[in-house]
Amino acid sequence: MGLGLTGRGSRLIIVKIDSTSDADARDAVAYLGSSENISHLDIVVANAGLSIAIGPLIKVKPGQLAELIDVNSLGPLRLAQATLPLLANAPARPRFVLLGSMQGSTGGMEKYPLPMGAYGASKAAAHFLVRKLHFELAEEGICVFAVDPGFVQTDMGNAGAKIFGMDEAVTKVDDAIDFVKDQDARHMQIDSATREKTSGRFPSIGGGETEW
């Protein structure tokens, strides 16, 4: 989906958010309030991610893992902290959504044996933070959850697939978008998500839920 596409009656506002910055997300929220007169947000999606240091953990440099955690784990936390006031002002069903990964599943590690331990550790930390926020934001009524969109054919996904001897990643981008957006009302993704049925959960494009 191109940046120039907007829904009927909507407009696109572009703000700068570097996931490693402690200030960018807060500054973006301040701009939305002061310059765009936006008083609430209905949905926030933490989508930015980084994948480096592919290989066995025994060979990963600690600095590479720290870089992954900064982007993949702390980035979503920074975004959640900055956007919480606007989410809390939403008239109904505020939702904070993390794009999670099967590689960060500690309970299903044996199912996903690719040598992506450093990336997986950073996503596992992100999963923990999101699930913890689910409990901490109960009184605010904010729906906080992760979704597993699969091994998606993005630039990052296809580059990783080639390292593993594959032509491309497994999941088509349009299929991942349809799943995350919730084209199928039987699922628990963004469009139909509620605090009661979706918050604290980790629905998977493969069906059911990915183990945290």
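The values are calculated or read from the model by the stated rules, or taken from the named source; none is laboratory data. As the structure is a prediction and not an experimental result, all values here were calculated from the model. All Cβ positions, even for glycine, are placed from backbone atoms using ideal geometry, and neighbour counts span all protein chains on display.
Taking the condition under 21 Å from the mean Cα position of the chain (by Cα), surrounded by 14 or more Cβ atoms within 10 Å (Cβ to Cβ) and over 28 Å from Phe151 (Cβ atoms), does Arg26 pass?
On the way: under 21 Å from the mean Cα position of the chain (by Cα): yes; surrounded by 14 or more Cβ atoms within 10 Å (Cβ to Cβ): yes; over 28 Å from Phe151 (Cβ atoms): yes.
It is true that Arg26 is under 21 Å from the mean Cα position of the chain (by Cα), surrounded by 14 or more Cβ atoms within 10 Å (Cβ to Cβ) and over 28 Å from Phe151 (Cβ atoms).
When Phe151 is tested against the conditions (1) in contact with a Lys or Arg (Cβ under 6 Å, 6 or more places away or on another chain); (2) over 19 Å from Leu79 (Cβ atoms), the lone failure is (1). Whether a residue is more than 21 Å from Ala53 (Cα to Cα) and either part of a loop (DSSP other than H, G, I, E, B) or of a type in the set (Val, Ile, Thr) (or both) was assessed, and Glu196 passes this test. Filtering the stretch 189-212 to residues that are farther than 14 Å from Ser101 by Cβ, small (Gly, Ala, Ser) and surrounded by 14 or more Cβ atoms within 10 Å (Cβ to Cβ) leaves Ser192, Ala193, Ser199, Gly200.
Looking at the structure I just gave you, is Phe164 exposed (fewer than 14 other Cβ atoms within 10 Å of the Cβ) and touching a Leu at 6+ places or on another chain (Cβ under 8 Å)? For Phe164, the condition - exposed (fewer than 14 other Cβ atoms within 10 Å of the Cβ) and touching a Leu at 6+ places or on another chain (Cβ under 8 Å) - is met. When Ala126 is tested against (1) of a type in the set (Gly, Ala, Ser); (2) surrounded by fewer than 18 Cβ atoms within 10 Å (Cβ to Cβ); (3) assigned to a helix (DSSP H, G or I), only condition (2) is not met. Considered as a group, the residues in the stretch 131-158 that are assigned to a helix (DSSP H, G or I) and in contact (Cβ under 8 Å) with a residue 60 or more places away in the chain include one that is farthest from Ala90 (Cα to Cα), and that residue is Met156. Of the helices (runs of 4 or more DSSP H) lying entirely inside the stretch 1-119, those carrying at least 1 residues that are more than 25 Å from Gly200 (Cα to Cα) are 24-34, 62-69.
The residues on offer are Leu99, Leu77, and the sole one that is closer than 22 Å to Glu211 by Cα, touching a residue at least 24 places away in the same chain (Cβ under 8 Å) and surrounded by fewer than 20 Cβ atoms within 10 Å (Cβ to Cβ) is Leu77. Here Gly108 passes the criteria (1) surrounded by fewer than 20 Cβ atoms within 10 Å (Cβ to Cβ); (2) without any contact (Cβ under 8 Å) to a residue 40 or more places away in the chain; (3) touching a helix residue (DSSP H, G or I) at 6+ places or on another chain (Cβ under 9 Å) except the one numbered (2).
Can you tell me which residue is modelled with the highest pLDDT among those in the stretch 171-188 that are in a loop (DSSP other than H, G, I, E, B) and surrounded by 14 or more Cβ atoms within 10 Å (Cβ to Cβ)? Talk me through it step by step, then tell me what you get.
Of the stretch 171-188, the ones in a loop (DSSP other than H, G, I, E, B) are 172, 182-188.
So of that shortlist, the ones also surrounded by 14 or more Cβ atoms within 10 Å (Cβ to Cβ) come out as 182, 187-188.
Details: Asp182: 71, His187: 51, Met188: 53.
So, considering only residues that are in a loop (DSSP other than H, G, I, E, B) and surrounded by 14 or more Cβ atoms within 10 Å (Cβ to Cβ), the one modelled with the highest pLDDT is Asp182.
Of all residues in the stretch 68-102, those satisfying the criterion of being in contact with a Leu (Cβ under 7 Å, 6 or more places away or on another chain) and closer than 15 Å to Phe128 by Cβ are Leu68, Asn72, Ser73, Pro76, Leu77, Ala80, Phe96.
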